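I have placed the structure first, in the form of structure tokens, so that the comments after it can refer back to it.
The values are calculated or read from the model by the stated rules, or taken from the named source; none is laboratory data. Keep in mind it's a predicted model, so treat the numbers as computed, not measured. Please note: Cβ atoms are built from the backbone with ideal geometry, for glycine as well, and neighbour counts cover all protein chains shown. SASA here: full protein model, heavy atoms, side chains in, ligands and nucleic acids out. Shrake-Rupley method; radii C 1.70, N 1.55, O 1.52, S 1.80 Å.
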Amino acid sequence: MSGFNIENASTLESAMQLMIQTFHKYSGKDGDKYTLSKVELKDMLTQELGNYLGHAQDKDAVDKVMCDLDSNQDGEVDFTEFVILVGALTVACNDFFLEYHQEDGKKGN
């Protein structure tokens, strides 16, 4: 990544940079600066994914997300676990939009 210039970044490179920046915006406020605690995860889910997750106010829902993501069972979400969340949500959104467009195409016939 030497000589990386954000101004000349491709769309995908910019998206990757935004994921990194977003993770670190919330990590480290509570304990380890390279992980998300449950409180930090809830804050991130509410602020950054509220439109997709319904603002994540349900404590049980946040606990379930935390449990599902915390693959090494250390009580925190590291960057790799965070990327798995974003990837899974992206796949789900893509699947939804594909189904939506397929149904929309059927209505037009």
Mind counting the residues in the range 18-41 that are part of a helix (DSSP H, G or I), out of contact with any Leu (no Cβ under 9 Å at 6 or more places or on another chain) and either at pLDDT below 90 or charged (D, E, K, R) (or both)? 4
Hey, does the range 64-74 have a residue that's at pLDDT 85 or above, surrounded by 15 or more Cβ atoms within 10 Å (Cβ to Cβ), at negative phi and among the aliphatic types (A, V, I, L, M)? no
Going by what's in this entry, would residue 99 be described as at pLDDT below 85, open to solvent by 40 Å² or more (accessible area, probe 1.4 Å) and not β-branched (Val, Ile, Thr)? yes
Looking at the range 63-90, I want the residues that are outside any helix (DSSP H, G or I) and have a partner that is of a type in the set (A, V, I, L, M) with Cβ atoms under 7 Å, at least 6 apart or on another chain. Which pairs are those? 70/77; 76/36; 77/36; 77/41; 77/66; 77/69
